[in-house]
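The structure appears right after this line, and notes come after that.
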Amino acid sequence: MGLDAELATLFVLLLGGYMISLAGKAALVTGGSRGIGAATVKLFAQAGADVVFSYHRNREAAAQVEQESRKHGTRIESCKADLGKMKEAKKLVEFTHERLGRLDILVANAGIWNEKDAPIEQLTEREWDDMLRVNLKSVYAVIHYAAPRMIAQRSGRIIAVSSTSGQRGEAFHTHYSASKGAVISLTKGLSSELARHNILVNCVAPGWVDTDMSKPTLETKAGRKSVLAAIPLARVAKPDEIAGPILFAASDLATFVTGEVINVNGGAVLCG
Ligand code: NAP
């Protein structure tokens, strides 16, 4: 191997070992017990952050994420919260501040989707309200209580998790796409509003990701075939592949990025 090739190999090895640092940062991740949220908690811990994450019902999954994340030596705590309720969002932010002493990064990730088709004429008020409560009101609620802490610190990062669905719509799941589209407009409005406090607000918008949420569709042959047909990379994302761009948005590599929608979808949405 010539010197140039050796240097190139060394460079790749160094880059391969490169890790974005969140050392000394305090982060709150909502919906961290499973899927994208769990991958984010683990990656943040690996990057050196102290993390509080919430779960809704799945205490066992939360305990597992705590255990796996603690091996990196930072402080990791979980907290049960139904974030569609203002009181519980308040409690979660207070818990984070009490345990970590500050709040530098908020990832508003918790959300639901319903695999059942809901044509508009059959979509019930209850289904509409539940979707909007968990996917949109929860984002407002945690930011409402977290923002004053960040304003007082004169710095912060807020990353909301939206979806391709919030940009191109989703037939038979219009309540989901409406909630995710609204998360994007909330992000854009807040990015201007909070810029004067040195708080950056962005969205990460995944396409299909291999999690419990997408399982019912991806498990059927027909569902998987139709999903993959619309993705140029011809596969769905792993949760880690969404956590990476979330880490980027939270890091010192993104100090001039705000009001953006970071699309992570294997090429599936060429808009937004
Ligand atoms: P997931 O595996 O189903 O996990 C959802 C997480 O949200 C869990 O931690 C769950 O807690 C929590 N949660 C559910 N209802 C809640 C509530 N009422 N209050 C507080 N927390 C609640 O989902 P995921 O696939 O990782 O999705 C994470 C985010 O990415 C969501 O906002 C989703 O819309 C978005 N997204 C996902 C995909 C995809 O293909 N998977 C694509 C685009 C966007 P428990 O574990 O306790 O139930």
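All of the numbers you see were taken from the coordinates with simple rules; none came from a lab. Here the structure is a predicted model, which means the values were calculated and not measured. Cβ sites come from the backbone with ideal geometry, for glycine too, and all protein chains shown count toward neighbours.
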- Message: Given R₀ = 45 Å, what would the calculated FRET efficiency be for Arg99 paired with Ser192, taking r from the Cβ atoms and rounding to 0.05?
- Response: 0.90
- Radius of gyration and Dmax over the Cα atoms of the range 153-248, both given in Å: 15.6, 50
- Would you calculate the separation in nanometres between label points at Glu60 and His144, each defined as 7 Å from the Cα along the Cα-to-beta-carbon direction? 3.4
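Looking at the range 113-210, which GluC sites (Glu not before Pro) are DSSP coil and have at most 10 other C-beta atoms within 10 Å of their C-beta? Intermediate values should be presented prior to the final figure.
Values: sites: Glu115, Glu121, Glu125, Glu127, Glu170, Glu193; in loops: Glu115, Glu121, Glu170.
Hits after loop and neighbour filter: Glu121.
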- Longest site-free stretch - the chain; sites: trypsin sites (Lys or Arg not before Pro), DSSP loop, at most 13 other Cβ within 10 Å: 155-234
- Ratio to report: Rg/Rh of the range 14-170, with Cα atoms as the point set and Rh obtained by the Kirkwood method; give two decimals. 1.00
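Could you list His173, His97 so that the one with the fewest beta carbons within 10 Å of its beta carbon is first and the one with the most is last? Please list the in-between numbers first.
On the way: His173 21, His97 17.
The order, fewest Cβ neighbours first, is His97, His173.
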- Item | Unit charges at the beta carbon, dipole of the range 3-264: most positive-side option, Thr211, Ser185, Leu253 | Ser185
- Message: Given points 7 Å out from each Cα along the Cα-Cβ axis, report the His72 to Lys85 separation in nanometres with one decimal.
- Response: 3.1
- Query: Hey, could you pull the Cα Rg and Dmax for the range 137-208, both in Å?
  - Reply: 13.1, 43
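Rg(Cα) of the chain divided by 2.2 N^0.38 Å?
Details: Rg = 18.9 Å, N = 272, 2.2 N^0.38 = 18.5 Å.
In units of the globular-protein estimate, the chain measures up at 1.02.
If the chain between Thr255 and Arg154 were fully stretched, how many nm would it gain, using 0.36 nm times the residue separation less the Cα-Cα distance?
Residue separation times 0.36 nm, minus the Cα-Cα distance, leaves 35.0 nm.
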- Please give the length that would be gained between Lys238 and Ala171 if that part of the chain were fully extended, namely 0.36 nm times their separation in residues minus their C-alpha to C-alpha distance (nm, one decimal). 21.7 nm
- Scan the chain and note any complete DSSP helix (H) whose C-alpha atoms cover at least 24 Å along its axis and whose Kyte-Doolittle average is -1.0 or more. 174-194
